[in-house]
Amino acid sequence: MSDDFSEKDARALSPLTLAFFGDSVYEVLVRERIVKNGSKPIRELHDAAVKKVNAGFQSLASQKIEAMLSEQELEIFKRGRNAAGSNVPRSSNSKDYHRATGLEALFGYLYLSGERERMKELFDIIYDMDDMTE
């Protein structure tokens, strides 16, 4: 049995399930990149991660890559964005939270369907963005 879902299996998951999983995938990618940049005090590592793992930054990131998405990827992103619940964290606004959920759904979908190179390609574009949330 393959470790990957088929594209059809991944697509069949609810958008919030994809976002639930994609949230962790995205955070691992961020933390991996930070750690690859060298050892630092834990507080600095945490602060660097928080700059990239928050609804505001992820919303900007989704806008940056949206035009680069395939039709299928865009559909997954929009499903996640439109399915985001109403429990918006106080640290965010509804628009950013919904876009961030769409991005997380996309990352969950790409990971589960075995499209890891594409996921890393999009992540590289996102990670290299200036942090405009401060």
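What to note about this one:
- Here is the size of the stretch 33-76 from its Cα atoms: Rg then Dmax, 14.3, 42 Å.
- From the coordinates shown, semi-axes √(5λ) of the Cα gyration tensor in Å corresponds to which of (i) 23, 18, 13; (ii) 21, 16, 15; (iii) 29, 16, 12: (i)
- Cα-based helix-to-principal-axis angle, 94-112 vs the chain, degrees rounded to 10: 70 degrees
- Label zone at residue 128 (point 7 Å along Cα-to-Cβ), backbone N below 12 Å, the stretch 63-85: none
- Mean Cα-pair separation over length for the chain, i.e. relative contact order, pairs under 8 Å, 6 or more apart, %: 41 percent
- Taking the stretch 36-69 and a reference point 7 angstrom along Cα→Cβ of residue 120, the backbone N atoms nearer than 15 Å belong to 36.
- Degrees between helix 15-36 axis and first principal axis of the chain (Cα, 0 to 90, nearest 10): 40 degrees
- Between the beta carbons of residue 45 and residue 24, assuming R0 = 22 Å, the FRET efficiency works out to 0.80 to the nearest 0.05.
- Too-long pairs where the Cα-Cα distance tops 22 Å, listed order kept, from 8/36; 52/120; 8/64; 36/95; 51/78; 40/95: 8/36; 8/64; 36/95; 51/78; 40/95
FYI, it's all coordinate maths here, none of it is from the lab. Remember, it's a predicted structure, so these values are computed and weren't measured experimentally. Positions of Cβ are generated from backbone atoms using ideal geometry, with glycine treated the same way; all protein chains shown enter the neighbour counts.
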